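Some notes on the structure that comes next.
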Amino acid sequence: MNSMVEKIRKMFYMNSCISVLDNKQVLVENCKSLLECNEILVRIVAAGYIVEVWGRGLTTNNYSSGSVMVKGEIQSVSVTKRGERK
Amino acid sequence: MSVFGKIRFVIKGDNISRLLKLIFDENITCAGLSENSGTLTGQCSLKDSYPLERACIDLDLEYEFQEDKSLVSAVRWLWGRKGILVGALVGTLLVTFLSNTVLKINVIGGDEKLAEDIVDFLETKGVTYGSFMPQLDFFDLEISMKQELDQVAWVGMYDTGGTLNVDVVPATETPNVSQHRLPSDLVAARDGQIVRAEVYGGQLAVPVGSGVHKGQLLVSGEVKLSEDKTVFRRSVGKIYAEYTDKAVFECPFVSERKIVDEQEAFKQKYLSFFSLDIPLFTSSPSDELYQTDEHISKLSFLGMKLPVGIKTVNCTPYEFRPVRYTRKQATAEVYKLKSNYETNLLSDCEIKDSEEHLTVDETGVKLTVSYTVVSDIALEKEILLK
């Protein structure tokens, strides 16, 4: 069932796309909401996942709907399936 | 500086997370979002600041918006200072108007008299101070100036800003040449008796002492040198004849006379702006008759006279009033008329004798004078040859 849902998501481009540029920028496309955005942590709700961007001096820009660009000194990007977070 | 405006905001409160959700849900485009100890800072466009402000109010958040300099904010700033806008607009219009208007006519070449003649000529063609420069047909004006002004040999016209330049090459002065070179006769201008003749050219056709009629040949230009040789010359001379001239002078006892009231004279001032005269007075004059005398003092800038100035009109009221003369005054008046007539019209004549006849009736005094005068009656008449 889960693989079926994954296939449909892939077919209709509903997956989240995360692009990391060096340690300066992270672009998360196809996301739903911004949960938190402080200087060290940005939490983004993407399709089925929560993307956490850790770093220093982080700022968030949402130039177009459904996408978020995080700028600053990126230290790590973690992706956690929603509902499985410990 | 952005075009449409940018807002820097600082939002404080407990519901920052909900605000972030709202920003995302309502597609409020933000940049540089950063939360620190319950304070959200960032930037957004001026357009997006309104829903953001509404969201802050809904979520009971403290907010502080600071607008960056932008074209929109500059326009808004200017809109609050309409004087600057109006001044700039008026200035632009004025510069555009003045750079397309004849402010000065500069005649290059020739003397002052020629310059005045050219300015007068241009005025007759409708080109004066204040004329709209693009409407002037320089080619047409140049041709008509060359045709109608004898003292102009060549002319070129061009404009530089508000100055109309007329570049002229004056015609070389030709020596005075007598126009009377054709053979001519001298004929009598009126009836009379010849008393004296001075003939410098031609042949006297009537003897001194004889009477002549108007149009009769006095001196002939056809001179017979021999039986088979005749030459034609210009007749020159003075033929004096005695004749009578009758003049009647009348002065009615009651007549209208122009009375000028100098004491009631007043001045009216106008602001002269190009060809426009704007009155600088509010009271309108009565329906009286005035004799007027104008004087314009124009403003000058760096030695150049501007087409703006103050026009002063001196108005002196006058009226025609019936004047009643006594018989003595009327008689004096007719003799005054007689004296004027002799001074002005018979000054070239020698008055040999005059016979006066004064009649007085109920309407006025009438003086009839018969002059016996001697004057030159010769009139030149060209001989038409085949």
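Just so you know, all these numbers are worked out from the coordinates, no wet-lab data involved. In this text the structure is predicted, and so the values were computed from the model without any measurement. Note that each Cβ is placed from the backbone with ideal geometry, even for glycine, and that neighbours are counted across all protein chains shown.
Would you confirm, using the coordinates I've provided, whether B:Val313 is farther than 30 Å from B:Tyr240 by Cα and aliphatic (A, V, I, L, M)? Yes: the conditions hold for B:Val313. How many of the residues making up segment A:70-86 are surrounded by 15 or more Cβ atoms within 10 Å (Cβ to Cβ) and more than 9 Å from chain B (Cβ to nearest Cβ)? Residues in segment A:70-86 being surrounded by 15 or more Cβ atoms within 10 Å (Cβ to Cβ) and more than 9 Å from chain B (Cβ to nearest Cβ): 3 in total.
Of all residue pairs spaced 6 or more apart or on separate chains, those with beta-carbon atoms under 8 Å, a first member in segment B:306-334 that is free of Cβ contacts under 8 Å to residues at least 60 places away in the same chain and a second member that is in a helix (DSSP H, G or I) are B:Thr316/B:Glu262; B:Thr316/B:Glu264; B:Pro317/B:Glu264. The residues of segment B:227-276 that are exposed (fewer than 14 other Cβ atoms within 10 Å of the Cβ), over 30 Å from B:Tyr325 (Cα atoms) and of a type in the set (S, T, N, Q), listed by number, are B:Thr230, B:Ser275.
Determine if segment B:17-31 includes at least one residue that is of a type in the set (D, E, K, R), away from chain A (no Cβ under 14 Å) and either touching a strand residue (DSSP E or B) at 6+ places or on another chain (Cβ under 9 Å) or under 22 Å from A:Thr59 (Cα atoms) (or both). No; the residues of segment B:17-31 include none that is of a type in the set (D, E, K, R), away from chain A (no Cβ under 14 Å) and either touching a strand residue (DSSP E or B) at 6+ places or on another chain (Cβ under 9 Å) or under 22 Å from A:Thr59 (Cα atoms) (or both).
Take the residues in segment A:38-68 that are under 10 Å from the mean Cα position of the chain (by Cα) and within 11 Å of chain B (Cβ to nearest Cβ); name whichever of them is surrounded by the fewest Cβ atoms within 10 Å (Cβ to Cβ). By that ranking, first place goes to A:Ser67. Residues in segment B:32-72 that are among the β-branched types (Val, Ile, Thr) and more than 10 Å from every other protein chain (Cβ to nearest Cβ) were compared, and the one that is farthest from the chain's Cα centre (by Cα) is B:Ile57. Could you please let me know if B:Leu89 is closer than 30 Å to B:Asn165 by Cβ and either surrounded by 12 or more Cβ atoms within 10 Å (Cβ to Cβ) or aliphatic (A, V, I, L, M) (or both)? For B:Leu89, the condition - closer than 30 Å to B:Asn165 by Cβ and either surrounded by 12 or more Cβ atoms within 10 Å (Cβ to Cβ) or aliphatic (A, V, I, L, M) (or both) - is not met. Within the bounds of segment B:126-137, is there any residue that is of a type in the set (Val, Ile, Thr) and touching a residue at least 60 places away in the same chain (Cβ under 8 Å)? Yes, that holds for at least one residue.
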